[in-house]
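Heads up: the structure comes next, in structure tokens.
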Amino acid sequence: MNLRRREFLVSGCALAGAALGGRPLLGSDAAKQAAKQPPAAVTDKSWPLFRGDPQAQGVAKSKLPEKLEEIWTMKVAGGAFESTPAIADGVCYLADMDGKLYALNLADGKEVWTHKIEGGFIASPSIRGELLYVGDIDGKFYALDRKSGQPKWTHQGDAQIDSGANFWKDNVLFGSQDANLYCLNAKSGDLVWKFAIQDQIRCMPTVVGDRSFVAGCDSMFHIIDLTQGKEVAAVPIEAPTGVTPAVLGDLVFFGTESGTLFGVNWKEAKIAWKVEDKGSAQPMRSSPAVQEGILVVGTRSRRVQAHNPANGDELWTFAAKQRIDSSPVIVGDRVVVGAADGRLYALDLKTGKELWQYQATGGFTGSPAVADGKLVIATDRGEVICLGAK
């Protein structure tokens, strides 16, 4: 099966049975009894989640050399990648659109193992402990042994899974096009609860404490109490989105299909600021990267934009040659982001000035993963690229 690049059509967001209420299947007491587990945190040696950490900040802990060189590449004939790699313990994990999972040695790209399913993968894999978690286009969610690639358990949902997984206590969280946010026991796959919104969930659910944030195709930003699987509040955001919200302090950031960038105060459940694209108003499908003092995001208007996260004021813009669906990663005083024409840019974080670019075969929808002095990214033509110092 060779899947074509899927398009996020606003007219196709509505789901026929999405009016289900969000009912926890286990009470809050049962959820609270779950033993606390350390969060899946990005380190200088790992990139365990789609955006690095549970807050989806897109900030690398690892440094990269000033001059990035090609260390290795791997090409999958007829293949295509939309997802972002996950990295831990010297192994890079990728999931392709034709349904093959790869574990590659980070140092040289040599294959550790592969595992093939009948469907395909758009979602990015996530790592916690000895397991690898990922959902497929047929709605099946997998937990696999990281050493062998063999499934430990699966859970069948009702529609395609675009969402990368996140974690809370000893549970794994992911969204689905069946409009549900699922909370499963990470070891057994047993359902703890599921919460339904009115349309598809394509983003990775962001986690802060006992709260999860979901920006949905129902044009709402949802704040969910993870102890009960119930909604605390919802904020109208004017248009659908599949972007993963990034969190810094009390504010959450994401763009929408209308090209509007939002900063939402999640503690007060209200919009703190918004920036509208008054020109072409192209969709934003790039998830923001944020740290103190700066937020960076790509747009389909062929721009990379930097804003002040406190008020949304523009700090700089960079004009790319093609649209930016890939999500940026902040690495020290640089930001790295891929474009649809296969250009990978490194920009000065303070000014937006181009420092370096690399031309790949195909284009980028997936985003960089940065760990152990290396950057790994994959294209929609089946090429996996590792850059660093030779």
From the backbone phi of the stretch 95-105, what are the Karplus-calculated ³J(HN,Hα) couplings (6.51 cos²θ - 1.76 cosθ + 1.60, θ = phi - 60°) in whole Hz, Gly and Pro given as x?
10, 9, 6, 8, x, 10, 9, 10, 10, 10, 5
Over the chain, what relative contact order in percent results from Cα pairs under 8 Å that are six or more residues apart?
17
Give the aspartates and glutamates reachable from K390 as a straight Cα distance under 16 Å; neighbours fewer than 8 places away on the same chain don't count.
E66, E69, E70, D108, D372
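Apply the Kirkwood formula to the stretch 289-350: the hydrodynamic radius equals the inverse of the mean of 1/r over all pairs of different alpha-carbon atoms; give it in Å with one decimal.
About 11.4 Å, per the Kirkwood formula over Cα pairs.
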When the solvent-accessible surface of protein heavy atoms is calculated with a 1.4 angstrom probe, in what order do T206, T43 fall, highest first?
T43, T206
Take the Cα pairs of the stretch 224-293, get the Kirkwood Rh, then feed it into Stokes-Einstein at 37 °C and 0.692 mPa s and tell me D in µm²/s.
255
Viscosity 1.567 mPa s, temperature 4 °C: give me the Stokes-Einstein translational D for the chain in µm²/s, with Rh taken as the Kirkwood radius over C-alpha pairs.
64
Could you run the Karplus curve 6.51 cos²θ - 1.76 cosθ + 1.60 with θ = phi - 60° over the stretch 198-212 and give me ³J(HN,Hα) per residue in whole Hz, x for Gly and Pro?
8, 7, 4, 10, 10, 8, 5, x, 7, 10, 9, x, 9, 10, 10
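Taking square-rooted eigenvalues a ≥ b ≥ c of the alpha carbon gyration tensor, is the stretch 119-158 rounded, prolate or oblate, where a/c under 1.5 means rounded and, failing that, a/b exceeding b/c means prolate?
Values: a/c = 2.09, a/b = 1.69, b/c = 1.24.
Note, shape of the stretch 119-158 comes out prolate.
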Whether the stretch 149-228 is rounded, prolate or oblate, judged on the alpha carbon gyration tensor where a/c under 1.5 counts as rounded:
oblate
Just how many pairs of Lys in the stretch 70-180 have C-alpha atoms closer than 18 Å, counting pairs that are eight or more places apart or on different chains?
13
Averaging sequence separations of C-alpha pairs under 8 Å and six or more residues apart, then dividing by the length of the stretch 130-252, give the relative contact order as a whole percent.
16
What 222 nm value per residue comes from the helices of the chain, counting each DSSP H run with n ≥ 4 as -39,500 (n - 2.57) and dividing by all residues, nearest 500 deg cm²/dmol?
0 deg cm²/dmol
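The values are calculated or read from the model by the stated rules, or taken from the named source; none is laboratory data. Since this is a predicted model, take the numbers as computed values, not measurements. Only protein heavy atoms, including side chains, enter the accessible area calculation; ligands, DNA and RNA are left aside. Shrake-Rupley method; radii C 1.70, N 1.55, O 1.52, S 1.80 Å.
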